[in-house]
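Each remark here refers to the structure printed beneath this line.
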Amino acid sequence: MEESEGSNLSEKRDVGPSTALDYLDPRYWDERFSREEHYEWFKDYSHFRYLIQQNVKPDSSVLELGCGNSQLSENLYEDGVNEITCIDLSAVAVERMQKRVQHKGYKEIKVLEADMLDLPFGDECFDVVIEKGTMDVLFVDSGDPWNPRPATVAKVMLMLQEFTWSVEWHTFGDGFHYFFYKLKKGQRSMVGERPGNKLQVPSINMLHEELESEDYIFRTNIDEMDC
């Protein structure tokens, strides 16, 4: 585990961008994926496996957005989830992922080149959609991260449009917490992992000192992000 994470850090340093704006350049990702075998953004599956198992059934159809070279789909498959579709905008990532899952004999995993902002699927094709760090790329050129530009908000809303969400969250990790969000179709709510933990949701326009706590996102008014 520690060796794996150390290897990931080394690989990231080797292929890291010169500026954050490089994350918006498809050529950066193609070059990176051509040299990098595997990297996990945030934490690997072992850290939040128990949360996945609580929310994803073995017979669920799963879509992973922005698979890159993550092993998440393979981990899900090994845990008995067989109906998995992965997409990525990088043709290099898709080709290498296809070869990797075929080499492992995971023929049921589909890997497709597609844009998460213009998905080539019909409505309600999947039971579960997993996004692990992919949306972060949309915020690279967002201006003030707490009050993003309208163009950034529009892109984010493309991923979330036409749904009313109920929101639940859990945290994992030591020292610095990672957040695991579960969004379900239905009545919108902001209810946390502890019973009765209800939140007030002020405007998205918040001062930086209001954001010192890690739960700032739960004090963001999703309705006001409608564009």
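Before moving on, here are some points about what is shown:
- Label point 7 Å beyond Cα of SER61 along Cβ direction - residues of segment 112-130 with amide nitrogen under 16 Å: 112, 119-130
- Accessible area (Å², per residue) of segment 17-122, counting only protein heavy atoms and a probe of 1.4 Å: 53
The values are calculated or read from the model by the stated rules, or taken from the named source; none is laboratory data. Note that the coordinates shown come from a computational prediction; the quantities given were computed from them, not determined experimentally. We place every Cβ from the backbone using ideal geometry, glycine too, and count neighbours over all the protein chains shown. These accessible areas exclude ligands, DNA and RNA; they are computed on the full protein's heavy atoms, side chains included. Shrake-Rupley method; radii C 1.70, N 1.55, O 1.52, S 1.80 Å.
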